[in-house]
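Everything below concerns the one structure shown next.
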Amino acid sequence: MRHGVRSRMIALVKHDLMYAPPSPRSTTWARTSAALYDPFLWAGERAGMRALRKELLAGARGVTVEIGSGTGLNLRNYPDDLDELVLAEPDRDMRVRLEKRLRDRGRRARLVDAPAERLPFPDRSVDTVVSTLVLCTVDAPELALREIARVLRPDGQFLFLEHVRSNSTTLASWQDRLEGPWRCFARGCRCNRATAELIATCGLVIDEVREASWRAMPTIVRPLIAGRAQIAANHE
Ligand SMILES: C[S@@+](CC[C@H](N)C(=O)[O-])C[C@H]1O[C@@H](n2cnc3c(N)ncnc32)[C@H](O)[C@@H]1O
């Protein structure tokens, strides 16, 4: 192998091993957006998102890890008979609200401060990983998806409900145009991310997926996908 190619590969591997996104700082905007999160989603939850969450999470089983749990809008939907529920949330202001919701609901769960790109769990130790409205926001979605594939047991499942790039060229071009302002407003959320395509290139195979609409929300974040992926047969 040529020296240049080899050193580029080593640099890439090192980047993967060392990458850890900076912990979001607790700024006034971070605190404000955590406080506004539930009110901002309220209409969308009532208009159908709550039902989509419920349907998705009925399939959770065994040791379940949710990435980017936010304020805990999924909590009410987890089956009671999980072996363990672990909620991973890297944003301090979101975690404060998540802790409160956990206490209020009297639900047992372990809360961890971890980004999806670096999950603090051993290889092949998790039965279900859940991501709802998170892969749009993580800085390095391929790394996050490879982490998900790493921690899942061979018969594990990845349950996702994400807003994605539109299939309509007109809406997709608006998503591209408004990506910058939306990202500033929505704390890093990319409204034009082709998440299903990413899932399929990171050691996972989607075996169930449906399209839906995030009703009562801004048009650029309405296209949704909900489904399940499993470990690809050729994944090491
Ligand atoms: C739009 S909110 C979704 C919250 C929740 N999952 C829901 O369905 O309401 C995005 C969440 O992803 C979290 N997040 C941002 N970057 C992340 C990362 N690198 N890894 C994991 N979560 C991240 C944010 O702190 C925030 O809580």
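The values are calculated or read from the model by the stated rules, or taken from the named source; none is laboratory data. Quick caveat, the model's predicted, so the values are computed rather than measured. Neighbour counts are summed over all protein chains in view; Cβ atoms, including those assigned to glycine, are modelled from backbone coordinates with ideal geometry. Keep in mind that these areas ignore ligands, DNA and RNA; they rest on the heavy atoms of the full protein, side chains included. Shrake-Rupley method; radii C 1.70, N 1.55, O 1.52, S 1.80 Å.
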Skipping prolines and chain starts, which residues have an amide H placed within reach, meaning under 5 Å, of the one on residue 165, given they are 5 or more residues away or on another chain? 193, 194, 195
Viscosity 1.002 mPa s, temperature 20 °C: Stokes-Einstein D of the chain from its Kirkwood Cα radius, in µm² per second? 116 µm²/s
Leaving out ligands, DNA and RNA, and with a 1.4 Å probe, what % of the accessible surface on the range 43-117 is carbon or sulfur? 42 percent
Beta carbons within 10 angstrom, averaged per residue: use that to sort the peptides 187-198, 76-87, highest first. 187-198, 76-87
Separation of the range 36-56 and the range 175-234 by C-alpha centroid, Å? 16 Å
If you count, for each residue, the other Cβ atoms within 10 Å and average over each peptide, how do 90-96, 125-131 line up from highest to lowest? 125-131, 90-96
Before I look further, what does the chain give for accessible area per residue, probe 1.4 Å, in whole square angstrom? 53 Å²
At 222 nm, what helix-only mean residue ellipticity would the chain give, in deg cm²/dmol to the nearest 500, using -39500 (n - 2.57) for each DSSP H run of four or more? -11500 deg cm²/dmol
Could you tell me how many cubic angstrom of Cα convex hull volume the range 119-160 has per residue? 61 Å³
The range 30-44 - phi-based ³J(HN,Hα) in whole Hz, Karplus 6.51/-1.76/1.60, Gly and Pro as x: 5, 5, 5, 5, 5, 5, 8, 4, 5, x, 5, 8, 3, 5, x
